[in-house]
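> The structure is given below, and queries will be raised subsequently.
The values are calculated or read from the model by the stated rules, or taken from the named source; none is laboratory data. Owing to the predicted nature of the structure, the values given are computational and were not obtained by experimental measurement. Positions of Cβ are generated from backbone atoms using ideal geometry, with glycine treated the same way; all protein chains shown enter the neighbour counts.
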Amino acid sequence: MTVSASSTRLYREATANVEDAATAIDMDQKVRRVLLRPMNELIVNFPIERDDGEHVVLQGYRIQHNNVLGPFKGGMRFHQGMDLNESRALATWMTFKCALLNLPFGGAKGGVSIDPKRFSHAELERVVRRFTHALGENIGPEFDIPAPDMGTDAQTMGWMMDTYLNSRGPGERQNARRVVTGKPVELGGSLGREAATGRGAAYALRHLYGQLDRSLRHQSAAIQGFGNVGSHAAEALAELNMDVVAVADKSGAVYHPEGLDVAALMHHASRHRTIAGFTECDTISSEEFFALDVDVLVPAALESQITTDNVGSIRARTIVEAANGPVTNEASDLLEQAGVNVIPDILANAGGVVVSYYEWVQNKTSSRWTAHDIDSRLRDAIWDASDRVGAVRKVQGCSWRRAAYIEAATLLQKVYRLRGIFP
């Protein structure tokens, strides 16, 4: 097993967030020690057969960081850079995200270290089913509930659910559908789940602008990443009458000073799986993209995209972290000192886990909520958390990121004090 330097730095960022919040609230040392390390760490090695008959052994992970608030919850990522430390960092952030949003879940994360683009559809199904089988009793609808992440989707969750259900007794199968969230609606998934993370980011931005007594109308936005999160964020911002002037993905970046046709770009990206080749706009470099003079920048791709190396070129007035950890802590501090509002990831991208909770509840109660009901509940949840973070920020005189972690850490400490530590 190898652990990359970049994932090690990422895990240091996550633990620094915990340490900073713990110090700010004078957290009990015993609680601090618990929150600084994952409860459970699982590594599984499992074989699959490729389409040409070759057998390969893959490595998968599941990090279960904390479950003091409820069952472990977190995505399953299929990415060639996935390793133990990246899983640890993402699971840690998920614990604090769930606490901030007052969800009855703890934090987890996992996945398989592969490039899914190098596997056929049939091979991916075999990967998912073998991985789920290898995890065995380490996931469950009241214990650890996976969801989609980078490189996985609703179909992935459908295969994972089916594999898990077929390991249950006949009387348990229908009741255990909530073992995963983010699955297809036809399999018990929730309306609104696919767009939830992007829409949640838009609601967090709308709340911030409301606090600043500013209008979003014709404010300019640039979005890095145009997958599930970035595309739905663009759609939601367009609904708020913002001008999405630039979008970037792995193929490059496109720009139009008066605003891109978001619906047309989404159609193009869905058809071609890239924004490359989209017409009626200019192409710009990655460096030019990050240096654009825009009102709002939405990093919705990978971690550590804005660092001390490029933070000096940022001209956006607000940054919405729709990805996990796209702005390093040091870069975030520099931006805040320069008067840039950085809406942290544990608030800005919490929409996915919020609607995952709604899906879990719907499965548990055998009910079906409307898309309007889900979207309204999502908006209210993001705005409630934003209100609480804003109140902490005002009292502490600190950054949005620190305020969010302080709010989450306060709840976690209170729960540990009430429950105690067994025995």
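> Name every residue in the range 172-202 that is more than 15 Å from the chain's Cα centre (by Cα) and either under 22 Å from Leu260 (Cα atoms) or of a type in the set (Gly, Ala, Ser) (or both), in order of residue number.
Within the range 172-202, Ala176, Gly188, Gly189, Ser190, Gly192 meet the criteria.
> Output yes when any residue across the range 349-368 is out of contact with any strand residue (DSSP E or B) (no Cβ under 8 Å at 6 or more places or on another chain) and farther than 22 Å from Pro146 by Cα, and no when none is.
no
> Quickly run through the range 281-323 and pick out the residues that are touching a helix residue (DSSP H, G or I) at 6+ places or on another chain (Cβ under 8 Å) and among the β-branched types (Val, Ile, Thr).
If the condition is that a residue be touching a helix residue (DSSP H, G or I) at 6+ places or on another chain (Cβ under 8 Å) and among the β-branched types (Val, Ile, Thr), then Val296, Val298, Ile306, Thr307, Thr308, Val311, Ile314, Thr318, Ile319, Val320 are the ones that fit.
> Restricting to the range 236-262, give me the number of residues that are out of contact with any helix residue (DSSP H, G or I) (no Cβ under 9 Å at 6 or more places or on another chain), in a strand (DSSP E or B) and at pLDDT below 95.
Residues flagged as out of contact with any helix residue (DSSP H, G or I) (no Cβ under 9 Å at 6 or more places or on another chain), in a strand (DSSP E or B) and at pLDDT below 95 within the range 236-262 amount to 0.
> Ok, one more. Can you pull out every residue in the range 11-59 that is within 30 Å of Trp400 (Cα to Cα) and charged (D, E, K, R)?
Arg12, Glu13, Glu19, Asp20, Asp26, Asp28, Lys30, Arg32, Arg33, Arg37 - these are the residues of the range 11-59 that are within 30 Å of Trp400 (Cα to Cα) and charged (D, E, K, R).
> Across the range 156-198, what is the number of residues that are in a loop (DSSP other than H, G, I, E, B), touching a residue at least 24 places away in the same chain (Cβ under 8 Å) and farther than 26 Å from Ala350 by Cβ?
Looking only at that region, the number is 1.
> Shifting gears a bit: Residue by residue through the range 263-290, note down the ones that are surrounded by 21 or more Cβ atoms within 10 Å (Cβ to Cβ) and touching an Asp or Glu at 6+ places or on another chain (Cβ under 7 Å).
Selection gives Ile275 alone.
> Select, from Ser220, Ser215, the only residue that is of a type outside the set (Asp, Glu), closer than 24 Å to Trp400 by Cβ and loosely packed, with under 13 Cβ neighbours inside 10 Å.
Ser215
> Please specify each residue of the range 35-66 satisfying the condition of being over 24 Å from Ala108 (Cα atoms) and basic (Lys, Arg).
Arg50
> May I ask you to say which residue of Val296, Val311, Val262, Val245 is in the same structural domain as Tyr203 (by TED's automatic domain parsing) and over 26 Å from Gly351 (Cα atoms)?
After applying the criteria, what remains is Val311.
> Same structure, new question: Looking only at residues in the range 52-88 that are among the hydrophobic types (A, V, I, L, M, F, W, C) and within 26 Å of Ala409 (Cβ to Cβ), which one is surrounded by the most Cβ atoms within 10 Å (Cβ to Cβ)?
Phe72
> Which ones in the range 386-411 are part of a helix (DSSP H, G or I) and either among the polar types (S, T, N, Q) or more than 20 Å from the chain's Cα centre (by Cα) (or both)?
Ser386, Asp387, Arg388, Gly390, Ala391, Val392, Arg393, Lys394, Val395, Gln396, Thr410, Leu411
> Could I ask something else about it? Within the range 344-371, how many residues turn out to be among the aliphatic types (A, V, I, L, M), buried (at least 24 other Cβ atoms within 10 Å of the Cβ) and assigned to a helix (DSSP H, G or I)?
The number of residues fulfilling the criteria is 6.
> Still on this structure, I have one more. For the condition over 22 Å from the mean Cα position of the chain (by Cα) and touching a residue at least 40 places away in the same chain (Cβ under 8 Å), what is the one hit in Trp369, Trp383, Trp360?
Trp369
> A further question on this structure: Check Asn166, Asn175, Asn138 and return the single one that is farther than 23 Å from Gly70 by Cα and surrounded by fewer than 19 Cβ atoms within 10 Å (Cβ to Cβ).
Asn166
> Do you know which residues across the range 239-291 are more than 21 Å from Val229 (Cα to Cα) and touching a Lys or Arg at 6+ places or on another chain (Cβ under 7 Å)?
Passing the criteria: only Ala291.
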